[in-house]
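Heads up, the thing below is written out as structure tokens.
Please treat every number below as a calculation from the coordinates, not as lab data. Note that the structure is predicted; figures quoted are calculated from it, not measured. Cβ coordinates were reconstructed from backbone atoms using ideal geometry, including for glycine residues, and neighbour counts include every protein chain displayed.
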Amino acid sequence: MTDIIMDPAVRQELASRGINEATGVYGNHQVKLGKSAPIRLDTIKSASIPFAGFSQATKISRGREGIARSADNVLRTLTGQADRLDARILLGNLKALTTHYDRLNALGQLTENQKADGSWTFTAAVEKLSNTELAKVFQTFSSAEMDLLQTALIREGRCNPNAADARTAAEQLFDLQALVIREISNRSINEQISQEAASNENPLPEAESPESLSHRFGSIENAGTAVHANDISAANLVSLAEIAASSSTVRERSELAADDRLKNRKLDSITVKEIGNAIRSSELTINIHTQFLIGGPNSILQRPNDPMVNIFHLHDQGSNPKGLGYLNERDSTEKVLFPELKGHEVSANERPLYGALNIAGNKIGAFDANKGYGSSVIVLKPEVAKRSTYTVNDSFMSTPLRNCA
């Protein structure tokens with residue numbers, strides 16, 4: 001329970017979007033997300049700021065460094081734990097960024113365009129993000145917690161004439177959210193141009209890349225071209241963003257009705273966080289026939305340091321246990337799921353291995369032997385799940401991942 005008296009206007013506004021007090025509350029110039037301690041919004045406490053220095057050159061240099069560092073810290077907070085938004089750290093870094101901005105302004109270092117639009121303070125930090133990190137930031141902006149925080153900041157700024165901090169933070173988050181959406185669009189378009197250029201089908205010789213964020217809004221530093229190992233593709237980035245947006249819409253449309261149905265049936269409600277925690281705590285397993293585990297050319301026990309093989313590896317070895325028809329169907333399905341696989345010959349090493357989340361905690365893995373997957377089970381390390389792509393039900397029935405602008 002909390003001693004914050006919920007602002008009735010915010011309660012009604014959030015309820016219309018499927019957000020209730022299980023997410024958090026706003027009132028008395030404070031916001032409380034989940035079980036975290038309340039945060040004051042009329043005066044936001046800044047993150048630590050180093051001494052600006054004595055000479056003007058030092059003050060300018062440290063001011064620019066401070067903006068870049070604060071922007072990076074903001075993005076790092078937004079890519080943090082999937083089940084928790086640390087609003088205190090987020091707002092503290094936004095306040096620190098504002099202080100460095102004001103110092104540069106006082107030193108006469110900002111142009112009129114930079115004063116009119118502060119988006120440039122975030123462009124380098126956004127452009128440096130990997131596709132995976134960019135997807136996490138977008139998902140955070142689509143979360144109920146961020147919805148509550150942004151609503152609370154806007155409400156505080158409107159009802160409290162002294163809440164300059166809240167008004168500034170609300171504007172910064174709005175600018176950053178717009179930049180994230182634009183960067184996702186830019187990367188999607190660039191991905192399509194690259195794929196078309198590499199394909200002999202429907203080439204687009206006159207296609208032009210979209211204007212970069214730093215070129216459009218300016219930047220505190222040169223972001224350069226970031227290279228991230230084991231990153232998701234731009235196509236999957238767009239799909240994750242679409243899923244996050246869709247989930248937010250579904251939450252808004254259905255949560256109140258779902259709560260009413262649960263109450264009528266005298267059942268406890270379950271939150272998206274609880275579902276996510278159940279998924280994250282489940283083992284990722286692969287069911288396999290015992291003879292493949294202990295015998296044959298691909299025996300896992302006899303060759304433990306070799307990578308596991310998929311059905312395309314088996315085909316390359318001259319074996320088609322499910323027939324060529326299944327192999328062709330699998331190829332077609334994976335090209336729909338992963339558009340980056342199109343336009344070139346099949347390479348077994350770039351094709352996925354398939355497992356299942358053992359949600360029920362069965363001792364014999366997610367599937368029993370009569371499903372045809374084998375009675376032996378391999379339990380993968382938890383870190384494998386963090387770099388896996390998830391599909392609902394069987395991959396043959398999953399929604400196609402679309403690469404769209």
Show me 19-25, 137-143 ranked by packing, highest mean number of other Cβ atoms within 10 Å first.
137-143, 19-25
Quick one: length gained pulling Asn328 to Tyr354 fully straight, 0.36 nm per residue minus the C-alpha distance?
7.7 nm
Round to a whole angstrom and tell me the spacing of the C-alpha centers of region 125-188 and region 70-123.
11
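Quote the relative contact order of region 107-199 in percent (integer), defining contacts as alpha-carbon pairs under 8 Å separated by 6+ residues.
About 33 percent, as a whole number.
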Taking the Cα of Arg387, stepping 7 Å toward and past its beta carbon, and measuring to each backbone N in region 305-323: which are under 18 Å?
305-310
Set Lys and Arg Cβ to +1 and Asp and Glu Cβ to -1, take the dipole of region 292-358 about its Cα centre, and tell me which of Pro321, Asn305, Asn358 lies farthest positive.
Asn358
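All other residues with a Cβ under 14 Å from the Cβ of Ala348 taken together, and with Lys, Arg as +1 and Asp, Glu as -1, what is their net charge?
Result for the neighbourhood of Ala348: -4.
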Using the Cα centre as the reference, give the magnitude of the dipole from point charges on the C-beta atoms of region 8-243 (Lys, Arg: +1; Asp, Glu: -1; all else neutral), rounded to the nearest 20 debye.
1260
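Pairs Lys35/Lys335; Lys136/Lys322; Lys342/Lys381: which are spaced more than 32 Å apart, C-alpha to C-alpha?
Violating the 32 Å limit, Cα to Cα: Lys35/Lys335; Lys136/Lys322.
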Taking loop as defined by DSSP and a crowding limit of 16 other beta carbons within 10 Å, which trypsin sites (Lys or Arg not before Pro) in region 84-153 fit?
Arg84
With the contact rule set at Cα under 8 Å and sequence spacing of 6 or more, what percent relative contact order holds for region 272-397?
43
Pairs over 23 Å Cα to Cα, from Lys95/Lys386; Lys128/Lys386; Lys95/Lys115; Lys45/Lys386, come to Lys95/Lys386; Lys45/Lys386
